[in-house]
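So the structure is just underneath, and the comments pick up after that.
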Amino acid sequence: MEGQQSQSVQLSMQRSQYLAVYLSVVHLLAFMMIVFTGVVWLTVTALAILPLSLIWYLRRFYFSADDTQLRLLAGQHWQLLTRGLLAADNLLLKRSYESRFLLILYFADRQRRRNINLLIPCDALAHADYRLLRRRLRDSKIYPD
């Protein structure tokens, strides 16, 4: 088991249908709440801004997911690749949130002194890869002391 823990793991992410539906429903609910306020200028503004916001979020989180890869290297360091290029190297996993449907990873990028948060819906990875990542996250040895 210890030999298996030291191997590197590479995970390729795909587009998540759950994320697209979630973003659409949230924008629709926001628009409905604004319409029910009865303020005409606010409704017109929301009608102009919310579709643009939805398109921006879908472009950023849904359509760009096909080119994202996450690597767990030996020594508990992580790499994030976007479009085949190294987006962040030598990431340290600070903490994570996991459920059956969603993983949220909180990384510290020590080179650029910033934090990177990565949201991974369950349908963005192959089922076996999602289970493997959840199992790795439960291992307390991957978090810094």
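Every number in this text was worked out from the coordinates using simple rules, so none of it is lab data. These figures come from a predicted structure and were not determined experimentally. Glycine gets a Cβ as well: all are built from the backbone with ideal geometry, and neighbour counts include every protein chain shown.
Work out which chymotrypsin sites (Phe, Trp or Tyr not before Pro) in the chain are exposed loop sites (DSSP not H, G, I, E or B, at most 15 other Cβ within 10 Å) and give the longest gap free of them.
102-145
Helix-only mean residue ellipticity at 222 nm, the chain, DSSP H runs n ≥ 4 weighted -39,500 (n - 2.57), per residue, nearest 500. What is it?
-11500 deg cm²/dmol, from helical runs alone.
By its C-alpha gyration tensor, with a ≥ b ≥ c as the square roots of the eigenvalues, how is the chain shaped: rounded for a/c under 1.5, else prolate for a/b larger than b/c, else oblate?
Since a/c reaches 1.5 and a/b is larger than b/c, the shape of the chain is classed as prolate.
Computed over the Cα atoms, what is the radius of gyration of segment 17-62 divided by 2.2 N^0.38 Å, N being its residue count?
1.20
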